[in-house]
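The numbers here are math on the coordinates, done by the rules we state, and not lab data. On a predicted model such as this, the values are computed, not experimentally measured, just so you know. Neighbour counts run over all protein chains shown; Cβ positions are idealised from the backbone, glycine included.
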Number of protein chains: 2
Amino acid sequence: MALVVQKFGGTSVGDTDRIQRVAERVIRARQAGNDVVVVVSAMAGETNRLVKLAYALHEQPIGREYDVLLASGEQVAVALLALAIQKRGVAARSFLGHQLEIITDATHGRARIESINAPILRAALEAGEVAVVAGFQGIDPKGNITTLGRGGSDTTAVAMAAAINADVCEIYTDVDGIYTSDPNVVSSAQKIARISYEEMLELASLGAKVLQTRSVEFAMKYQVPVHVRSSFDDSEGSWVVPEEAGMEKVIVRAVTADKNEARISVLGVSDKPGMAAQVFGKLAEAEIIVDMIIQNASKKAQRTDLTFTVPKENAVQAQRLMEEMAGELGAAEVRADTRIAKISAVGVGMRSHSGVAATMFETLSASGINIQMISTSEIKISVIIDDAYAELAVRKLHTVFGLDAP
Amino acid sequence: MALVVQKFGGTSVGDTDRIQRVAERVIRARQAGNDVVVVVSAMAGETNRLVKLAYALHEQPIGREYDVLLASGEQVAVALLALAIQKRGVAARSFLGHQLEIITDATHGRARIESINAPILRAALEAGEVAVVAGFQGIDPKGNITTLGRGGSDTTAVAMAAAINADVCEIYTDVDGIYTSDPNVVSSAQKIARISYEEMLELASLGAKVLQTRSVEFAMKYQVPVHVRSSFDDSEGSWVVPEEAGMEKVIVRAVTADKNEARISVLGVSDKPGMAAQVFGKLAEAEIIVDMIIQNASKKAQRTDLTFTVPKENAVQAQRLMEEMAGELGAAEVRADTRIAKISAVGVGMRSHSGVAATMFETLSASGINIQMISTSEIKISVIIDDAYAELAVRKLHTVFGLDAP
């Protein structure tokens with residue numbers, strides 16, 4: 001007998017057949033003696049349909065009304081799933097964001113959960129009901145509907161688990177867990193049995209779509225054990241948990257490639273105080289997120305080269321902004337390169353093992369791969385390389401860090 | 001400068017083009033200096049799509065979750081209409097049932113509005129916003145979503161108008177007003193300029209689909225002037241208003257035919273106390289609504305014939321129930337006839353004019369039409385006849401009561 005939160009994404013509830021399968025899985029957990037909270041996303045395709053309608057009426061729909069619109073998708077899904085569960089003789093009750101008082105800040109489209117009225121949820125469970133909760137949505141303190149951004153239902157699920165102190169938050173998805181690398185690129189990629197929050201956070205930030213970054217932050221903050229598993233079978237997936245003894249023995253947990261960034265270089269900038277603040281202030285104003293930054297002091301004439309990466313979709317805009325500032329900055333030239341890849345190695349073991357960076361650089365060098373930029377954190381090393389070598393680099397690093405063996 | 005509530009049905013917001021046309025109409029009213037509250041239904045087809053999904057998962061979905069499901073349709077519509085209004089530079093804000101605290105009783109699927117938080121609505125208007133309100137939905141005192149039944153958005157609109165003491169509640173529809181008879185049957189049918197609440201209530205009860213019965217009750221209770229008009233043009237429609245001096249000069253306001261009832265006759269019932277209570281108790285238990293009732297005392301052997309009408313879709317069930325009770329009742333026979341029509345004449349002028357019934361019976365008799373049942377109220381006479389003569393009867397009565405002329 002445990003307290004279980006299960007989250008199903010849009011694909012898992014994509015049509016009435018799939019909704020029935022989800023209902024059966026929920027009921028199996030219930031009949032095994034567990035109290036069950038289910039969090040669901042909108043049926044696959046539904047959100048796109050709504051988005052299309054909104055853009056047919058307004059070129060910039062994002063805001064209060066867009067959230068009202070999108071939240072309807074989860075509303076449909078919870079009602080249908082509750083009906084499918086009831087049809088099988090098991091009590092179920094749907095909850096929308098406002099009904100559970102899922103209070104968020106007022107940032108429409110990417111709101112953050114601030115609090116939940118857990119007693120309402122507990123009362124449903126105590127009454128023997130399966131609580132079917134709409135993911136992705138909340139309300140701001142004034143009662144306006146808000147949404148949590150792409151993957152927000154993961155965060156809803158983890159927040160529910162945290163609020164009621166659940167034993168586990170199960171994230172059902174179309175992959176069966178978290179892998180040491182992308183199995184489409186690295187055929188020897190292994191499913192990771194247990195991974196720490198810190199490592200998962202780095203992987204999520206690096207573009208692993210299996211969990212929304214905020215959901216991992218939430219899980220870490222409230223120490224919620226998360227089980228990422230397949231919605232198609234009952235096999236064990238990957239557990240995201242607090243760091244455990246022995247985790248550090250594995251130096252590198254995963255190797256990833258991310259081709260969604262572009263590199264902007266501003267060459268020959270006058271090296272005077274406030275220059276960086278000026279550049280990155282401008283980019284922040286334009287809401288462009290900067291990832292890696294390198295400044296190479298050039299000895300002659302107090303000039304420096306400033307290089308940074310931005311999401312590929314912002315590359316043209318970032319380049320234009322830099323060109324506009326070139327005069328002010330005294331810059332000689334602005335270059336943009338979209339054919340780059342960020343290769344990263346992640347693992348809490350790096351804290352206690354030296355030489356990881358050296359191994360990484362040597363391995364790439366031995367394959368004739370040039371490193372353009374480097375960035376490190378306590379448990380991550382990332383390098384920017386020519387994107388043509390991305391797959392080669394990932395495979396070589398996967399092997400050298402001992403991840404090929406089960 | 002007035003305070004106007006406008007209601008648009010599902011057809012009026014059936015696609016993004018139509019939503020834009022509604023937005024333009026709303027803005028015209030706003031720019032003419034009015035404060036505007038718009039009430040909308042779900043986009044045409046949307047409710048059917050949701051109903052189909054629900055029935056694919058549960059054979060009897062009606063209840064709490066079904067209301068959660070259906071209410072999503074209006075949520076989509078208000079968000080889209082608010083976006084379309086905002087796109088044209090006019091401030092707009094959508095409101096769902098729970099946001100306006102539209103409190104209803106807890107009868108899912110046909111809830112009744114009990115109260116509304118009018119100050120919230122007024123605050124939006126004072127802020128210069130068009131308030132775009134989801135029709136058809138509310139919440140019960142516990143916060144569960146409820147729906148108001150078919151045509152419920154009319155009631156939402158009238159309730160809004162009552163709550164903020166609006167100058168008019170405009171109901172936009174695909175007909176351009178209320179007619180003296182069905183123009184498809186009576187080519188000389190005239191648009192009614194002004195009709196009293198009482199008359200409209202009778203017409204709505206007789207199956208006129210242009211306004212939900214409850215919305216008329218609400219309008220009457222709070223004396224809300226209702227203007228039923230075309231969503232396709234700006235022509236004057238029909239006003240539903242408190243009874244005015246001179247209204248009684250028109251003896252009959254409208255003549256209608258309703259073919260949706262069936263007649264059940266239970267013949268040779270023992271005429272003892274409690275018999276009627278037994279019969280109609282049984283029908284009420286089965287939630288079958290009985291309209292007309294006639295009991296013909298038969299002199300011999302203290303036997304009586306009991307005849308009543310029920311909605312056609314309940315005819316088989318009602319007949320079966322009566323057959324089951326036949327022994328108890330000492331009834332000789334149960335007959336059902338689905339080929340009947342109810343012909344009605346409605347008008348507040350009947351109160352002050354005698355001879356209306358006589359004129360009606362004579363007119364039918366002159367056309368060789370046999371009257372099977374008669375029922376009267378203060379402002380209505382209804383007769384049951386063979387449905388083959390329905391159109392003939394309506395045309396003859398329309399002429400004899402002077403309704404053919406403009």
Inset, instruction - Provide an ascending nm list, one decimal, of label-point separations from B:Phe280 to the equivalent residue in each further copy; define each label point as 7 Å from Cα along Cα→Cβ. - result: 8.2
Inset, instruction - Over 19 Å, how big is the tail of the calculated P(r) for region B:157-284, in percent of all Cα pairs? - result: 57 percent
Inset, instruction - Could you work out the local net charge near B:Gly237, counting Lys and Arg as +1, Asp and Glu as -1, over the other residues with Cβ closer than 11 Å to its Cβ? - result: -2
Inset, instruction - With a/c under 1.5 counting as rounded, go ahead and sort region A:169-238 into rounded, prolate or oblate using the C-alpha gyration tensor (a ≥ b ≥ c being the square roots of the eigenvalues; past the cut-off, prolate if a/b is larger than b/c, else oblate). - result: oblate
Legend entry - Cβ neighbours within 10 Å from other chains - mean over A:50-59: 5
Legend entry - Relative packing of B:42-48, B:242-248, which averages over residues the other C-beta atoms within 10 Å, highest first: B:42-48, B:242-248
Legend entry - Prolate/oblate/rounded label for region A:3-173 (Cα gyration tensor, a/c 1.5): oblate
Legend entry - Counting DSSP beta bridges with both ends in region B:3-173, the antiparallel % (nearest 5): 20 percent
Inset, instruction - Compute the projected area of the convex hull of the Cα atoms of region A:84-209, averaged over all viewing directions, and report it in nm² to one decimal place. - result: 9.7 nm²
Inset, instruction - In debye, nearest 20, what is the charge dipole magnitude of chain A about its Cα centre with +1 on Lys and Arg Cβ and -1 on Asp and Glu Cβ, if you could check? - result: 120 debye
Inset, instruction - Rounded to the nearest 10 degrees, what's the angle between the helix B:356-366 long axis and the longest principal axis of chain B, both from Cα atoms, 0 to 90? - result: 60 degrees
Inset, instruction - State the antiparallel share, in %, of DSSP beta bridges confined to chain B, rounding to the nearest 5. - result: 60 percent
Legend entry - Residue exposure sequence - B:Glu59, B:Glu198 - by fewest surrounding Cβ within 10 Å: B:Glu59, B:Glu198
Inset, instruction - Round to a whole angstrom and tell me the spacing of the C-alpha centers of region A:203-225 and region A:338-360. - result: 20 Å
Legend entry - Average projected area [Cα convex hull, region B:358-406], square nanometres: 3.7 nm²
Inset, instruction - Give the span of region A:86-126's Cα atoms along each principal axis, as three whole-Å numbers ordered largest to smallest. - result: 40, 20, 11
Inset, instruction - With unit charges on the beta carbon (Lys/Arg positive, Asp/Glu negative), name the residue among B:Leu3, B:Ala71, B:Leu50 whose Cα is farthest towards the positive pole of the charge dipole of region B:1-155. - result: B:Leu3
Inset, instruction - Please order A:Ile85, B:Ile343, A:Ile379 by the number of other Cβ within 10 Å, starting at the fewest. - result: A:Ile379, B:Ile343, A:Ile85
Legend entry - Computed [θ] at 222 nm, helices only, for the protein assembly as shown once each DSSP H run of length n ≥ 4 contributes -39500 (n - 2.57): -11000 deg cm²/dmol
Inset, instruction - Kindly put A:Tyr55, A:Tyr389 in sequence by how many other C-beta atoms sit within 10 Å of each C-beta, fewest to most. - result: A:Tyr55, A:Tyr389
Inset, instruction - Determine the principal axes of the Cα atoms in chain B, then give the extent along each, sorted from largest to smallest and rounded to whole angstroms. - result: 78, 52, 32
Inset, instruction - Take the rotation relating chain A to chain B, measure from its axis to every Cβ in chain A, and name the nearest residue with the distance in whole Å. - result: A:Ser72, 2
Legend entry - Cα gyration tensor shape of the protein assembly as shown, rounded if a/c is under 1.5, else prolate or oblate by comparing a/b with b/c: prolate
Inset, instruction - Give the angle, between 0 and 90 degrees and rounded to the nearest 10, that separates the Cα long axis of helix B:16-31 from the longest principal axis of the Cα atoms of chain B. - result: 70 degrees
Inset, instruction - Note the angle between two axes, namely the Cα long axis of helix A:46-57 and the longest principal axis of the Cα atoms of chain A, as a number of degrees from 0 to 90, rounded to the nearest 10. - result: 70 degrees
Legend entry - At q = 0.14, 0.16, 0.19 Å⁻¹, base-10 log of I(q)/I(0) for region B:18-97 (Debye sum, equal scatterers on each alpha carbon): -0.54, -0.65, -0.80
Inset, instruction - Take peptide A:85-97, look around each residue's Cβ out to 10 angstrom, count Cβ atoms belonging to other protein chains, and average those counts. - result: 3
Legend entry - Label point 7 Å beyond Cα along the C-beta direction, distances from A:Lys209 to other copies (nm, shortest first): 4.4
Inset, instruction - Distance between Cα centroids, region A:53-118 to region B:136-178: provide it in whole Å. - result: 24 Å
Inset, instruction - Report the charge-dipole magnitude of the protein assembly as shown in Debye, nearest 20, computed about the Cα centre from +1 at each Lys and Arg Cβ and -1 at each Asp and Glu Cβ. - result: 240 debye
Inset, instruction - Provide the packing ranking of A:177-188, B:149-160, A:72-83, i.e. peptides ordered by the mean count of other C-beta atoms within 10 Å per residue, highest first. - result: A:72-83, B:149-160, A:177-188
Legend entry - Calculated label separations, A:Phe232, copies of the chain, 7 Å along the beta-carbon direction, nm: 5.2
Inset, instruction - Could you let me know the centre-to-centre spacing of region A:276-297 and region B:1-51, using Cα atoms, in angstrom? - result: 46 Å
Inset, instruction - Tabulate in residue order the Karplus-calculated ³J(HN,Hα) for region A:227-234, using 6.51 cos²θ - 1.76 cosθ + 1.60 with θ = phi - 60°, rounded to whole Hz; enter x for Gly and Pro. - result: 10, 8, 8, 6, 7, 9, 8, 9
Inset, instruction - Quote the charge dipole size of region A:1-153 about the Cα centre in Debye, to the nearest 20; the model charges only the Cβ of Lys and Arg (+1) and of Asp and Glu (-1). - result: 420 debye
Legend entry - Estimated FRET transfer efficiency (B:Ser230, B:His353; beta-carbon r; R0 30 Å; 0.05): 0.40
Legend entry - Pairwise FRET efficiency - B:Glu287 versus A:Asp17, Cβ, R0 = 41 Å, nearest 0.05: 0.80
Legend entry - Protection proxy ranking of A:163-170, B:318-325 - average other beta-carbon atoms within 10 Å, highest first: A:163-170, B:318-325
